[in-house]
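Here's the structure we're looking at; comments come further down.
The values are calculated or read from the model by the stated rules, or taken from the named source; none is laboratory data. Remember, it's a predicted structure, so these values are computed and weren't measured experimentally. Here the Cβ positions follow ideal geometry from the backbone for every residue, glycine too, while neighbour counts run over all protein chains shown. Heads up: the accessible areas ignore ligands, DNA and RNA and are worked out on the full protein's heavy atoms, side chains in. Shrake-Rupley method; radii C 1.70, N 1.55, O 1.52, S 1.80 Å.
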Amino acid sequence: MASTSSQVVMPMLSVPEKKTSFLDLHKFLRDHISSNFSSHDASASERELSLVHQMRSDLAKQQTPPPSAGSRLDLLLQYYRAISVIERRLGCDDSIPFTWHDAFRSNKKSSLKSIDFEKASILFNIGAVHSQIGSMAERDTVEGRKIAYAEFQKAAGVFRLLKENAVTGATVDVTAECAGMLEILMLAQAQECMFDKVMADSKGVTLCSKVAKQAGKFYDEAYSALTVPPLDQHFDRAWVSHVQLKTAYFYTEAVSLYCIDLHQKEDIGQEIARLKLSISSLSDAKRSAKGAPSSLFEAVSKLETKINQNLETAVKENNHVYLMRVTPVSSLSELPAAVLAQPAPVEGLDISSETLFSNLISESGRKSLTKYTEMVDDVLRTQLDKIKLAKEVCKVKLQEMDLFNSIGAVENGSTVPAELKAQVEAIQDRGGPGGLKVELQQLKDLRRVNLELMVQMEEMLQKEEREDSQYRARYKEKWNRPESGALAKNIRDVLSKYSENLKEAGVSDLKIERSMSENFGILAILDNEPIESALPSLARPAIYVDGSEDRTLGTLKLSLTKLETLEAQLESLEKNLKELKEKDDILPKLLGGASSEELFKEEIKKYNPICEEISKHIQMGEQLLLQIQAQNIEFVTQFRLVEYKISFAQNLEQIRTAVAKFGEIKENLSEGIKFYASLQEVLNKLKQQSSDFVMTRDIQCQEMVEILKKPGWRIFGR
C-alpha cells in the first residue's frame, strides 16, 4: 500500500480575473431599443436596463474587502445570462464597445464591439473564480480535497467552453490556445487532488503510480503549450516554472511508486534504469525552474532525496545479490496512466427561464413565433416518421433473409441456442445417456432388495405357522394358544399390499426400460461434445487464388457494413435535426420588425439541407437493400443454404427431442428410485416387526411345550 507519511500538500495555481473598464451599458442599450423598437419600449425596459448596468458596474469595481468567491461567481453567472439574453432578444451584437484587460498582462487590453468578446471575458472570469475556490481549499482534509477536485474540474469545463468560443483579435487570454492550456492545467490540478486522495487512502502502489503518471501527463501538456507561441512570452516565469516542476515531480512520483512493485517482483534492472531516468528529469527541472514557490521546491527536493536513497539501495542489492543487467533506456515502456479528472459540464448558463426584456415581445410577435414553431415541428415530425419507417422496413427485410445467422454459420460454424446448449451441457455433466443406464441398474438393484425383504418376511411367517401347526397336531386340544394365521393377519395384509405395489412398480420399470431401449438412438445425439458437432456445417466454396475471402460472402458483408453506416448516418442526421431545432431562435429577427411570412419562409429553409440528406440516405438504403437481396440469392445458392437450414432445423429438433426424452426418462427413473428407497425403509421396519412377532411366538411356544411335558398335566387332567 502507498504511504502518506511523506506526502506533501503542494501549492496550486489559481487564474486571476480579467479587469474591465467602466461602460455606460444603460445608455447604449436604451439607445439601441429606441432605434430598433420604440421610445416607449425603451422606457418600459428601464428596470431591466438599470439591472444589467448595475451588474456590469459591480463586476468592474475593485471592492474592499473583496466579495466571497461564491457571491462573485453568482454575479458572473447572472451577468453572463443577462448578456446572452441581450444578444438573443435585442440583436445588438456589434453596437457596444467592450474593453477588457489581459488577465496575465494587465497592461495589455482590447476594445471590441462584440458581445462575443464580452461573453468570452465573463466565461474566463467564471473559470478563474472556480480555480481560486479550488486553490484555496484545505487539501489536507477529506472535504477540502473534494472541494478542490470538483472546482478544478468545473474550471476545466468553463475553459473548454471558452476554447470552443474563442475570440479572434482580442487579448491572448481568451484565445483558443490559452483557454486550451488552462483547461489542461485545471485537469492536472484536479488529477493531483485525486493523487492526494489515493495516497491518503493508502491505495495500492499500482493505482497511485497510474494517477501520478496522468497528473504528470496533464502538467506536461500544459507546459508544452506554455513554451510555444502565442503563450511562450506571455506568462510570468514563476507560472511556467511551477508547471515545469509539477511535470517532473509527478513523473518522478509515478516512477517511484512503480518501482516499489518492480522491487517486489525483483526486476531490479528495470528499477535502476527508471530511477536513474527520473532523477535526471527531476534535476533538470530544478536547474531550469525559477520563481516557483519554495514549498514546491522543498517537495521536489524531498522526493529527489527519496529517489536517490531508493536508487542507492537498488544498486547495492543488485551488486551483491541479483547481479542483473540494467535495462537500456530505449527498452523502457511508458508507464501506465489512469485518468480520474475530466471537464465538468458548465452549469448556470441556461437562459430558457430568463425574463429580461420579455416586454419587448408583442402579442402578435408571440403568435408569429408559435406559428413558426409549429412549422418546425411539422418538418421534424415528417422527417422522423420517414426515418422510423425506413428503419422498420429494413429490419423486417433483414429478418426475412436471416442474413446475420447465415453469415455467422459460415464464419463461426453452426451454433446451438444458449438455453438449449445449457440444457445439453447439464445432461452431459450428469453422465449423458450412459448415466441413465447407471440409474436404471440402480432401480433394478433397489427392486431386487425389496423383493428379497418380502420373501424373507414371508418365509419367516410361514416357518412360525408350520411349527405352530405341528405342535397343535401333537398336543391337540391342550395346545390352546391362538393360531398363528389369526395373529399374523395384519402383517400379512400389509405384505400383500406392498406386494401389489411392487407388481405395479415392476410394470412401470418395464415401461422405463422399454422407453430407454426404443429411444437410445435418439438420445445418442447428446453424447456429442461439444453439442455443435451434431449440427451440419456450411461448406465454403473454394478460396480464390489470391487467398482472399470468398467474393460472394465478402461482397455481402461489405453491403451490410454500408447499410449499418447508412443507419448510423441517419441517426446522426436525426440528432442534427433536433439540435438545429433546439438552437433555432428567430426571436431577435422577429423583434427587429421583419415580415413574419417572409422571415418564416427564409428561416425554414435552414432545415432543407438536412431533410434532403435524410431523403438521400433513405433512397440509398432502399437501393442497398435491393442489392443485398440479390446478393443473398447468390449467397444462398452458392453455400446451399436452403439444404443447410433444413438439415440444421432437423438436427436442432433432434437435439430438442432428445433433451425432452432424456428429461422424461430421467424423471421417471428418479421417481422409481425414490419409490424403492422409501419402500425399502418401510419394509425394513416391517421386517423388524415380523421378527419381533416370530421371536415372541417362539418364546411362548417353548414355554408351553415345557409346561405340557410336566407329569402334573396327566394327573389333574391339565
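For GLN623, state whether it is part of a helix (DSSP H, G or I), farther than 30 Å from GLN428 by Cα and either among the small types (Gly, Ala, Ser) or open to solvent by 80 Å² or more (accessible area, probe 1.4 Å) (or both).
On the way: part of a helix (DSSP H, G or I): yes; farther than 30 Å from GLN428 by Cα: yes; either among the small types (Gly, Ala, Ser) or open to solvent by 80 Å² or more (accessible area, probe 1.4 Å) (or both): yes.
Yes; evaluated as a whole, the condition is true for this residue.
For the stretch 649-686, which residues satisfy the criterion of being over 30 Å from LYS421 (Cα atoms), in contact (Cβ under 8 Å) with a residue 60 or more places away in the chain and open to solvent by 60 Å² or more (accessible area, probe 1.4 Å)?
Of everything in the stretch 649-686, those that are over 30 Å from LYS421 (Cα atoms), in contact (Cβ under 8 Å) with a residue 60 or more places away in the chain and open to solvent by 60 Å² or more (accessible area, probe 1.4 Å) turn out to be PHE675, ASN684.
Show the residue pairs meeting these rules: Cβ distance below 7 Å; 6+ apart or different chains; first residue within the stretch 24-38 and charged (D, E, K, R); second residue assigned to a helix (DSSP H, G or I).
Sorted first by the residue in the stretch 24-38, then by its partner, the pairs are ARG30/ALA42; ARG30/LEU49.
If you go through the stretch 318-364, how many residues are open to solvent by 40 Å² or more (accessible area, probe 1.4 Å) and either touching a strand residue (DSSP E or B) at 6+ places or on another chain (Cβ under 6 Å) or not in a loop (DSSP other than H, G, I, E, B) (or both)?
Adding up the residues that qualify gives 11.
Just to be sure, is ASN165 open to solvent by 40 Å² or more (accessible area, probe 1.4 Å) and under 20 Å from ASP232 (Cβ atoms)?
Details: open to solvent by 40 Å² or more (accessible area, probe 1.4 Å): yes; under 20 Å from ASP232 (Cβ atoms): no.
When the stated conditions are applied, ASN165 does not pass them.
In the stretch 162-192, which residues are more than 30 Å from PHE98 (Cβ to Cβ) and under 25 Å from the mean Cα position of the chain (by Cα)?
ALA190, GLN191, listed by residue number.
Which members of the stretch 473-498 meet the condition of being charged (D, E, K, R), farther than 17 Å from MET460 by Cα and surrounded by 12 or more Cβ atoms within 10 Å (Cβ to Cβ)?
LYS478, ARG481
Could you list, in sequence order, all residues of the stretch 76-113 that are open to solvent by less than 30 Å² (accessible area, probe 1.4 Å) and more than 19 Å from ASP173 (Cβ to Cβ)?
Result: LEU77, ALA82, SER84, VAL85, ILE86, LEU90, CYS92, ILE96.
Assess whether VAL315 counts as being in a loop (DSSP other than H, G, I, E, B), of a type in the set (A, V, I, L, M), farther than 24 Å from GLU221 by Cα and free of Cβ contacts under 8 Å to residues at least 60 places away in the same chain.
Judged against the criteria, VAL315 is not a match.
Looking only at the stretch 177-221, count how many residues are without any contact (Cβ under 8 Å) to a residue 40 or more places away in the chain, surrounded by fewer than 20 Cβ atoms within 10 Å (Cβ to Cβ) and not acidic (Asp, Glu).
Counting residues in the stretch 177-221 that are without any contact (Cβ under 8 Å) to a residue 40 or more places away in the chain, surrounded by fewer than 20 Cβ atoms within 10 Å (Cβ to Cβ) and not acidic (Asp, Glu) gives 0.
Among the residues of the stretch 163-173, how many are touching a residue at least 60 places away in the same chain (Cβ under 8 Å) and of a type outside the set (S, T, N, Q)?
Total meeting the criteria: 3.
Can you name the number of the only condition in (1) at pLDDT 80 or above; (2) in contact with a Lys or Arg (Cβ under 6 Å, 6 or more places away or on another chain) that LYS397 fails?
All conditions pass for LYS397, except number (2).
Would you check if GLN309 is assigned to a helix (DSSP H, G or I), free of Cβ contacts under 8 Å to residues at least 60 places away in the same chain and in contact with a Phe, Trp or Tyr (Cβ under 6 Å, 6 or more places away or on another chain)?
no
What tally of residues in the stretch 626-640 results from selecting those that are more than 25 Å from GLU392 (Cβ to Cβ) and either open to solvent by less than 30 Å² (accessible area, probe 1.4 Å) or in contact with a Gly (Cβ under 6 Å, 6 or more places away or on another chain) (or both)?
So the answer is 1.
Can you confirm whether the stretch 245-265 contains a residue that is closer than 26 Å to LEU277 by Cβ, open to solvent by 10 Å² or more (accessible area, probe 1.4 Å), modelled with pLDDT under 95 and part of a loop (DSSP other than H, G, I, E, B)?
Yes.
For the structure I just gave you, tell me whether LEU282 is outside any helix (DSSP H, G or I) and either in contact with a helix residue (DSSP H, G or I) (Cβ under 9 Å, 6 or more places away or on another chain) or not hydroxyl-bearing (Ser, Thr, Tyr) (or both).
Considered against the rule, which asks whether it is outside any helix (DSSP H, G or I) and either in contact with a helix residue (DSSP H, G or I) (Cβ under 9 Å, 6 or more places away or on another chain) or not hydroxyl-bearing (Ser, Thr, Tyr) (or both), LEU282 comes out as no.
State whether the residues of the stretch 373-393 include one that is at positive phi, at pLDDT 80 or above and surrounded by 13 or more Cβ atoms within 10 Å (Cβ to Cβ).
no
Could you list all residues from the stretch 30-54 that are open to solvent by less than 50 Å² (accessible area, probe 1.4 Å), closer than 18 Å to PRO97 by Cβ and either at pLDDT 90 or above or charged (D, E, K, R) (or both)?
Those that are open to solvent by less than 50 Å² (accessible area, probe 1.4 Å), closer than 18 Å to PRO97 by Cβ and either at pLDDT 90 or above or charged (D, E, K, R) (or both): LEU49, VAL52, HIS53.
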